[in-house]
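Before any comments, here is the structure.
Bear in mind these aren't lab numbers, they're just calculated from the coordinates by the rules spelled out. Owing to the predicted nature of the structure, the values given are computational and were not obtained by experimental measurement. Neighbour counts run over all protein chains shown; Cβ positions are idealised from the backbone, glycine included.
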């Protein structure tokens with residue numbers, strides 16, 4: 001029977017780490033992810049797990065040590081946020097190209113500048129092309145569940161890629177919610193043990209990790225990474241199916257909320273989806289308007305065909321980004337979704353709005369305004385604010 005608890009998102013991730021009991025965790029503190037290694041270090045000090053915790057002098061060192069441990073054959077992970085991940089930048093690409101199944105607990109926080117410690121997705125979206133799998137959570141329950149699925153996905157023989165499990169800083173990381181925990185023995189059975197085929201400490205095999213690649217080999221390496229990322233789509237769904245059998249909780253590439261008959265849809269990532277759901281419930285109850293939500297869970301690999309199919313019957317769509325891309329065309333999520341819709345020759349009117357940058361609130365009323373705009377756009381076919389900022393203070 002599931003264990004009922006009240007935990008913050010950071011506590012939930014740390015508890016998942018305790019249940020998994022990985023071999024090595026190098027980490028360096030940075031707000032708002034600091035609590036994760038803090039809780040894990042406490043578990044280690046209390047003798048509850050035997051993970052080797054490595055105290056390092058920076059986030060670059062944290063990821064470097066994680067790379068080394070994983071290459072040596074250990075199950076390794078770390079945690080960070082914002083500028084901490086930016087300091088790991090070089091190593092993110094190394095981890096992906098070396099095909100190391102590292103898990104990163106990323107607590108999303110705005111990247112400087114100006115200095116800001118609150119939630120947006122500029123850190124993870126900046127790394128969207130680094131070759132890492134990216135899975136996002138709306139709630140504390142979801143970040144816990146996602147984390148339990150992370151190692152089985154990353155370590156799968158057809159994948160062998162690093163994965164970041166993302167949650168919104170302070171909103172879920174420090175907010176306390178009721179949560180259902182899986183029993184320890186079931187977690188251990190679900191996650192299993194890491195049994196690498198090739199690793200540096202194997203006395204029967206000589207190998208190197210991350211050697212210099214001349215032009216005759218580099219492109220083939222990138223193609224192999226792409227194939228692994230494509231394979232990850234299948235593996236993510238396989239692990240979600242296994243997880244549902246164990247817990248009854250269902251996951252996929254995205255969640256569809258009131259989309260069966262929807263005419264106007266919002267596409268979004270992360271915790272603000274909960275606020276959008278509340279707005280949808282209120283709009284449907286008071287006006288009967290057919291509004292819906294597509295909440296993206298898996299951003300890498302990007303489920304292009306599946307998203308296009310889910311949105312194919314919409315009259316108008318608002319894609320909401322919690323990260324700027326400073327592009328003339330859209331934000332990161334907007335660019336991906338619009339490309340997917342173009343591929344299926346969708347006739348829906350599409351706008352791309354920015355919200356919640358630096359932790360700014362988005363409310364039920366804000367979402368109501370978005371849906372009102374979508375209805376007007378669908379009726380008139382006129383778009384006057386293709387790239388707008390929700391909640392921007394008047395100048």
Grab the DSSP H runs of the chain that are 4 residues or longer, score each as -39,500 (n - 2.57), total them, divide by all residues and round the 222 nm result to the nearest 500 deg cm²/dmol. -13000 deg cm²/dmol
Hey, what's the Kirkwood Rh for the stretch 1-70 if you take every pair of different alpha carbons, in angstrom? 12.7 Å
With angles folded into 0 to 90 degrees, how steeply does helix 35-45 sit against the dominant principal axis of the chain? Use alpha carbons for both and round to 10. 30 degrees
Using alpha carbon coordinates only, what is the Rg to Rh ratio of the stretch 114-168, with Rh defined as the Kirkwood radius? 1.02
Shape category assigned to the stretch 231-276 from the gyration tensor of Cα positions, a/c cut at 1.5: prolate
Label-to-label distance, nm, for residues given as residue 4 and residue 372 (7 Å Cα→Cβ offset): 4.0 nm
Exposure proxy order (Cβ contacts within 10 Å, fewest to most) of 393, 6: 393, 6
Normalised Cα Rg of the stretch 200-239, dividing by 2.2 N^0.38 Å with N its residue count, works out at 1.61
If 139, 327, 97, 124 are placed from fewest to most neighbouring beta carbons inside 10 Å, the sequence is 327, 97, 139, 124
At 10 °C and 1.306 mPa s, the Stokes-Einstein diffusion coefficient in µm²/s for the stretch 201-272, with hydrodynamic radius from the Kirkwood sum on alpha carbon pairs, is 94 µm²/s
Evaluate 2.2 N^0.38 Å with N set to the residue count of the stretch 254-389, then give the Cα radius of gyration divided by it. 0.95
For the pair residue 245 and residue 221, the simple spin-label estimate (label points 7 Å beyond Cα toward Cβ) gives in nm 3.8 nm
Using the reciprocal of the averaged 1/r over all distinct C-alpha pairs, how large is the Kirkwood radius of the stretch 174-240 in Å? 16.5 Å
Using a Debye calculation, one point per C-alpha and no hydration shell, please list log10 I(q)/I(0) for the chain at q = 0.08, 0.09 Å⁻¹ in order. -0.41, -0.52
In degrees, nearest 10, the alpha-carbon axis of helix 140-154 is tilted away from the dominant principal axis of the alpha carbons of the chain by 50 degrees
Helix 272-286 versus the longest principal axis of the chain: what is the Cα-based angle in degrees, 0 to 90, to the nearest 10? 30 degrees
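Would you order 8, 122, 33 from fewest to most other beta-carbon atoms within 10 Å of each residue's own beta-carbon?
Fewest to most other Cβ atoms nearby, the residues stand as 8, 122, 33.
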Give me the distance between the Cα centres of the stretch 39-72 and the stretch 298-341, rounded to whole Å. 36 Å
